[in-house]
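The values are calculated or read from the model by the stated rules, or taken from the named source; none is laboratory data. Quick caveat: nothing in here was measured; it's all calculated off a predicted structure. Positions of Cβ are backbone-derived with ideal geometry, glycine not excepted, and every protein chain shown enters the neighbour counts. The protein model used for the area step is the full one, side chains on, heavy atoms only, and it has no ligands, DNA or RNA in it. Shrake-Rupley method; radii C 1.70, N 1.55, O 1.52, S 1.80 Å.
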Amino acid sequence: MPSKIDKELAFIQSALNLRARRQEILASNIANSDTPNYKARDLDFRAALASAMGAVGGSVALTKTSARHLDAGASSGQAAGAHVKFRATVQPSLDGNTVDPDVERAHFTENALNYQFLVDRATSTFRTLGRALESGR
Amino acid sequence: MSMNNVFHIAASALTAQSMRLNAVASNLANADSAHASTGGGYKAKQVVFQAVGLGKTTPWAQGVRMKEVVEDQRPSRLVYDPKHPLADPKGYVAYPNVDPVEEMVNMISASRSYQTNAEVMTTARNLLQRTLAITQN
């Protein structure tokens, strides 16, 4: 029976994982801003979080080391490459690259702030937990 | 830890951009290396980038690497200078097909990309430090 704190932490954990993944995607875009034919991508955060939250409390994702292993119902939100979409571009360049460095930088900073917010939420959840544990003394 | 991939992505971009800066430096350094008009002299070099995946489990994390170095196929610049030791019977000396304006633009672009990726690394480091400090205070 998951408690309220469990639920809160599960949410923060999923959201932090997805924020970290989005940070990777945006870093890839920035790194490839001069790569011919590279298409900028982004994470559909709302959909990814919704499916990750739907999977929380369900089965745990297991790594398959043999082709004969059965699928253990890996959480769909954590599936590799799920919810990653190509970004619509305003000004494509001649070499087929669709990265707009300014847009990517803005998203990168925004995502970093959101990540920090979630870290603060986790910190304060743990602090609340600590206070509750100490209150009996 | 998925945030570590951000470091790898940014590091691959730093390497790639410094290679590009290297090519610019070679081109500019050799802009005045005269050679005989029959050919065989220095040709302007350009690096071509390519996106490269950072592992099967994280297909969204794409670093960048240098794919190849292409030589500019434009003809050499001919200068009429009969007193030059390398001059041909008509009095022409060939200079490399390096376009200094193009190289300066390339240099600024590479240095901006380098700065941006260094910034990405700093952000990733801050986020990781915040994450490590979740249970403190």
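Structure notes:
- Scanning region A:94-137 for residues that are within 17 Å of B:E119 (Cα to Cα) and part of a helix (DSSP H, G or I) yields a total of 15.
- Which listed residue is under 18 Å from the mean Cα position of the chain (by Cα) and either among the small types (G, A, S) or open to solvent by less than 40 Å² (accessible area, probe 1.4 Å) (or both), from B:A110, B:A94: B:A110
- The number of residues in region A:81-96 being within 25 Å of B:M121 (Cβ to Cβ) and touching a Lys or Arg at 6+ places or on another chain (Cβ under 8 Å) comes to 2.
- For region A:31-46, filtering for residues that are open to solvent by 10 Å² or more (accessible area, probe 1.4 Å), farther than 10 Å from A:R87 by Cα and at the interface with another protein chain (Cβ under 8 Å from one of its Cβ atoms) leaves 4.
- Summed over region B:25-51, the residues that are within 13 Å of chain A (Cβ to nearest Cβ) and either buried (at least 16 other Cβ atoms within 10 Å of the Cβ) or charged (D, E, K, R) (or both) give a count of 5.
- Matching residues in region A:87-118 - criterion: being touching a Leu at 6+ places or on another chain (Cβ under 7 Å) and either open to solvent by 60 Å² or more (accessible area, probe 1.4 Å) or of a type in the set (A, V, I, L, M) (or both): A:A112, A:L118
- Under the condition of being of a type in the set (G, A, S) and within 13 Å of the chain's Cα centre (by Cα), the residues counted in region A:101-120 number 1.
- Screening A:N111 against (1) modelled with pLDDT of 90 or more; (2) touching an Asp or Glu at 6+ places or on another chain (Cβ under 7 Å) leaves a single unmet condition, (2).
- Of the strands (runs of 3 or more DSSP E) lying entirely inside region B:60-137, those containing at least 1 residues that are within 13 Å of chain A (Cβ to nearest Cβ) are B:62-71.
- Residue pairs whose Cβ atoms lie under 6 Å apart, sitting 6 or more positions apart in sequence or on different chains, and linking a residue in region B:1-30 that is farther than 14 Å from B:G55 by Cβ to a partner that is open to solvent by less than 50 Å² (accessible area, probe 1.4 Å) and β-branched (V, I, T), are B:A10/B:V120; B:A13/B:V64; B:A16/B:V64; B:M19/B:V47; B:R20/B:V47; B:A23/B:V47; B:N27/B:V98.
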